[in-house]
Ligand SMILES: Cc1cc2nc3c(=O)[nH]c(=O)nc-3n(C[C@H](O)[C@H](O)[C@H](O)COP(=O)(O)OP(=O)(O)OC[C@H]3O[C@@H](n4cnc5c(N)ncnc54)[C@H](O)[C@@H]3O)c2cc1C
């Protein structure tokens, strides 16, 4: 065999990839582990990139998932700044960009997701941020120190968080999105509109019901022309218009892919020695009895760990119910289960649009719950979903900010 060999080879140095090390080491203290990551950074947490790094609650040195000693102690060879180009599933090796082979006994694809880009004239202009990485944060941070205004395209998770982050750093922010209200995929309309009002009260301009139609350069900044005929001049453009799962490698290996890399309940792909976990994996969500792909921190953390354990021989089905969270100025939430504004939503507010629980109902059964400014209630919400609670059931005690 000409090349490098690992018992466990992990492609992707993000949350799922680095968490897999923990899962492997629970069962196998000796097997060789390598992580190959395309980014030129040790594995780090992404949520602070749009939140605490901007509010000053965290600094860059705080966001790394592990110290260097963790990798040393666990005998992990961490190869960063190296993109894997292809997988040969039959002969069990991957090839990196330099053509070097890395052989494996078990392989984990933890390649995450990549931002969608704007398919409009000017959508590929230099300097537009498709925000995802620490490198994006560093460059945006540097640019904000010399900028006054920003256009944020997209009213979902990333757009709404980045808009808030820039505003608290005194940037004049205009949000542009095609939907009728902010975070329209998860919030009921009245909550979305209430959040929009709180954004506007903080001086954020909102252009909704219209997407960007074209972007052009203007001096050192940009002009964004919207589909409703408006024009916005800004120093910066940041787009948060969703991500797509990184499936090219899996495709190169002939693995089944759809919206993500298809895995079974053990997080194995259609090649049993190749696993996938995190934002790239489409998995059977057991409690909801459906296939899903999640783009959330807790999902990547737990799937990564679980896949690591299974690669090391645990062979246990993944039954965990990941939660997700977001912070929009003072409005924060944790949510679990199936969360979609297309479902029937029952709101149990203690303080309207601030503190309470939203129950997401399908066919008279609670399928998801969003706890707004209420903390440590996720496990109870999981219980409701697991036992298929009826639409009238509530968390006990009911929503209270102070419990
Ligand atoms: C700004 C931001 C804020 C977020 N905030 C929240 C939040 O508040 N709550 C929440 O629940 N979730 C949040 N998320 C989502 C969460 O961070 C992701 O779900 C999580 O990072 C997914 O982890 P992952 O390991 O699957 O993928 P990633 O974190 O995307 O890591 C994948 C890694 O694999 C590398 N890679 C890809 N292809 C290759 C290749 N061919 N060769 C080598 N390396 C490769 C990539 O470069 C990347 O480093 C946020 C995400 C972002 C970007």
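Here are some notes:
- Residue tally, condition part of a loop (DSSP other than H, G, I, E, B) and within 10 Å of the ligand (Cβ to nearest atom), over the stretch 298-330: 1
- Number of residues in the stretch 145-158 that are buried (at least 17 other Cβ atoms within 10 Å of the Cβ) and either more than 19 Å from residue 327 (Cβ to Cβ) or without any contact (Cβ under 8 Å) to a residue 40 or more places away in the chain (or both) equals 4.
- Verdict on residue 295 being in a loop (DSSP other than H, G, I, E, B), modelled with pLDDT of 95 or more, outside the structural domain of residue 192 (by TED's automatic domain parsing) and within 11 Å of the ligand (Cβ to nearest atom): yes
- Pairs where the first residue, in the stretch 159-173, is in a loop (DSSP other than H, G, I, E, B) and the second is crowded, with 24+ Cβ neighbours inside 10 Å, C-beta under 8 Å, 6+ apart: 171/150
- You will find that of 141, 197, 148, the residue that is touching a helix residue (DSSP H, G or I) at 6+ places or on another chain (Cβ under 9 Å) and not assigned by TED's automatic domain parsing to the domain that holds residue 307 is 141 and no other.
- Residues located in the stretch 314-330, provided they are more than 15 Å from the chain's Cα centre (by Cα) and surrounded by 15 or more Cβ atoms within 10 Å (Cβ to Cβ): 314, 318, 320, 321, 328, 329
The values are calculated or read from the model by the stated rules, or taken from the named source; none is laboratory data. On a predicted model such as this, the values are computed, not experimentally measured, just so you know. Every residue, glycine as well, gets a Cβ built from its backbone with ideal geometry; the counts of neighbours run over all protein chains shown.
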